[in-house]
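S.K.: Okay, handing you the structure first.
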Amino acid sequence: QEGKNRYRLFDSAHNAAMVNQHERLDRIRKALDQNEFLLHYQPKVNMRTGKVIGAEALIRWQSPECGLVGPNEFLPAIESHILSIEVGEWVIGTALCQISAWKKLGLDIPVSVNISALQLQSEDFATRLAELLAAFPEVAPSSLELEVLETSAIGDVLQVSETMLACIELGVNFALDDFGTGYSSLSHLRRLPASLIKIDQTFVRDMLADPDDLAIVESVVVLSKSFKRGVIAEGVESIEHGIALLQLGCELAQGYGIARPMIARDIPTWAADWQPDDSWRGYCL
Ligand code: C2E
Ligand code: MG
Ligand code: MG
Ligand code: MG
C-alpha cells in the first residue's frame, strides 16, 4: 500500500495495545461527556487544635459497567493525553462549585485538588485557572489548594515554578504531594514555591515499625520548618501514628485513621462531629 520497495512489519501486539488505548480514551471521553466522574473528599485536620483544616478532592469514576473505579485505574491511561487536562479542569471546576455550596451553608472548608504533570506544564494553566476562579467570584482563591507531585517539575523546573508563581498571584496555594519519593526532593523543595509539604504515606505508614521511615518523617518535618513551609502527614492510619507525629512536631494529618474519603454530602456532619483523640491532647508545639 505504501508503494514498491517498502515493507513494514505488522506487530499485532503493538496494534492490540493501540486499539486498547484508543478504546480506553474513548470510554474516558464518554465518561466525561456523560458526567460519570465524581469527587470524594478526605478531611485534613489539625490533631492538636481539633480544627478541620480542609479536604482533599479525589476523583472517582462511577462506571455503568464496572461500578466505582479509583483514579489509579483510569488516570494513568490518559496521563500523557490532552484529555487529562479536560478531566483536570472538570476537577477544579467541581471543587470550586463545592466550596461555594459549603460556603452557602456557612462552612469554610478549603479544598485541595491534585494537578497532573501535563496540566501543570500546559502553557495556559494559570490563565485557565484564572477563568475558572472568575466563574466563582464568591469563592476566595485562597480556599483552593493545588497538590502537585515533585516529579511534575522534571524537565523544566523553571517553567513549572513560574507557572506556580502566576497561580500564587491569583491567590491559590500549593502543596508538594508524596514528598520524599522523587529523585531530587531537596532541590524541588527549594525551587518550587509550595507552602505545604505532604509527607508521603509510605513513610508514615511504616514509621512506627521502621526506624528508617521514622527518621525520614522526622527529617521532612524539620526540613519543612527550616524552609518555613507547612507540613502534613498523609496515610495516618492510627491513633499511635498521630501521637508519634505530634511528638515530632507535625500537627496536620490526613488518613484513614482520621477519615476515609467520603461523598461531599457527608462532610458537614463529619466536620461538626470530629474530635481529636484524647491521647493527642497536651502536645504544645
Ligand atoms: P494522593 O493525592 O497522594 O492521595 C492519597 C491517596 O491515598 C488516595 O487514594 C487516598 O484515598 C489514599 N489514602 C488516604 N489516606 C490513606 C490511608 O490512611 N491509608 C492508605 N492506604 N491510603 C490512604 P486515591 O483516591 O485512590 O487516589 C490515588 C492517587 O490518584 C492520588 O494520590 C492522586 O495522585 C491521584 N488522584 C486522585 N484524584 C485525582 C485528580 O482529581 N486528579 C489527578 N491528577 N490525580 C488524582
Ligand atoms: Mg494528593
Ligand atoms: Mg499523596
Ligand atoms: Mg499518591
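S.K.: Farthest toward the dipole's positive end in the chain, which of Phe136, Val87, Ala244, given Cβ charges of +1 (Lys, Arg) and -1 (Asp, Glu) about the Cα centre?
M.R.: Highest projection toward the positive end goes to Phe136.
S.K.: Got a number for the accessible area of His22? Probe 1.4 Å, square angstrom, nearest 10.
M.R.: Approximately 120 Å² for this residue.
S.K.: When the accessible area of the chain is computed with all protein chains present and a 1.4 Å probe, what percentage of it is carbon and sulfur?
M.R.: Answer for the chain is 52 percent, counting heavy atoms of protein chains only.
S.K.: DSSP loop (so not H, G, I, E, B), at most 11 other Cβ within 10 Å: list which GluC sites (Glu not before Pro) in segment 125-213 pass both filters.
M.R.: Filter output for segment 125-213: Glu138.
S.K.: Would you calculate a helix-derived [θ] at 222 nm for the chain, using -39,500 (n - 2.57) for each DSSP H run of n ≥ 4 and dividing by the full residue count, to the nearest 500?
M.R.: -13500 deg cm²/dmol
S.K.: Let me ask another. By per-residue mean of other Cβ atoms within 10 Å, what is the highest-first order of 191-200, 213-222?
M.R.: Result, highest mean Cβ count within 10 Å first: 191-200, 213-222.
S.K.: Taking only protein heavy atoms into account and a 1.4 Å probe, give the accessible area per residue of segment 89-232 in Å².
M.R.: On a per-residue basis, segment 89-232 sits at 46 Å².
S.K.: Taking 35 Å as R0, compute the FRET efficiency from the Cβ-Cβ separation of Glu138 and Thr181 and round it to 0.05.
M.R.: Efficiency for this residue pair is about 0.45.
S.K.: If I build a Gaussian network model for the chain, linking alpha-carbon pairs within less than 10 angstrom, which residue out of Asp177, Asp108, Asp212 has the largest mean-square fluctuation?
M.R.: Its mean-square fluctuation being the largest, the pick is Asp212.
S.K.: Turning to a different aspect of this structure: Cα gyration tensor of the chain, axes a ≥ b ≥ c as square roots of the eigenvalues: rounded (a/c below 1.5), prolate (a/b > b/c) or oblate?
M.R.: prolate
S.K.: Please list Ser84, Ser184 in order of solvent-accessible area, largest first, computed with a 1.4 Å probe with all protein chains present.
M.R.: In descending accessible area the options line up as Ser184, Ser84.
S.K.: Cut-off under 12 Å on the C-alpha distance; same-chain residues fewer than 8 positions from Lys104 excluded. Which aspartates and glutamates are left, in chain and number order?
M.R.: Glu138
S.K.: Starting from the Cα of Leu165, step 7 Å along the direction of its Cβ; do the same at Met262; then give the gap between the two resulting points in nm.
M.R.: About 4.2 nm, to one decimal.
S.K.: Let me check something: with ligands and nucleic acids excluded, how do Thr163, Thr202, Thr49 order by accessible area (1.4 Å probe), largest to smallest? Don't jump to the answer; show the numbers that get you there.
M.R.: Numbers: Thr163 20, Thr202 55, Thr49 80 Å².
Highest to lowest solvent-accessible surface, that is Thr49, Thr202, Thr163.
S.K.: Roughly how big is the chain's charge dipole about its Cα centre, with Cβ charges of +1 (Lys, Arg) and -1 (Asp, Glu), in debye to the nearest 20?
M.R.: 340
S.K.: Ok, one more. Where a Cα-Cα gap under 20 Å defines reach, which aspartates and glutamates qualify for Lys51, not counting those fewer than 8 residues away within the same chain?
M.R.: Asp108, Glu145, Glu234, Glu237, Glu240, Glu251, Asp266, Asp273, Asp277, Asp278
S.K.: Most mobile of Leu246, Leu105, Leu189 per a Gaussian network model of the chain (Cα springs, under 10 Å)?
M.R.: Taking springs between Cα atoms under 10 Å, the residue moving most is Leu105.
S.K.: Continuing with the same structure: Going by the alpha-carbon gyration tensor, a ≥ b ≥ c the square roots of its eigenvalues, is segment 66-139 rounded (a/c under 1.5) or, if a/c is not under 1.5, prolate (a/b greater than b/c) versus oblate?
M.R.: oblate
S.K.: Run the reach check for Lys228 against lysines, Cα to Cα strictly under 19 Å, same-chain hits fewer than 8 apart removed. What comes back?
M.R.: Here the lysines satisfying the reach criterion relative to Lys228 are Lys198.
The values are calculated or read from the model by the stated rules, or taken from the named source; none is laboratory data. The model shown is predicted, which means the values in this text are computed figures rather than measured ones. Ideal geometry is used to build each Cβ from the backbone, glycine not excepted, and the neighbour counts take in all protein chains shown. The protein model used for the area step is the full one, side chains on, heavy atoms only, and it has no ligands, DNA or RNA in it. Shrake-Rupley method; radii C 1.70, N 1.55, O 1.52, S 1.80 Å.
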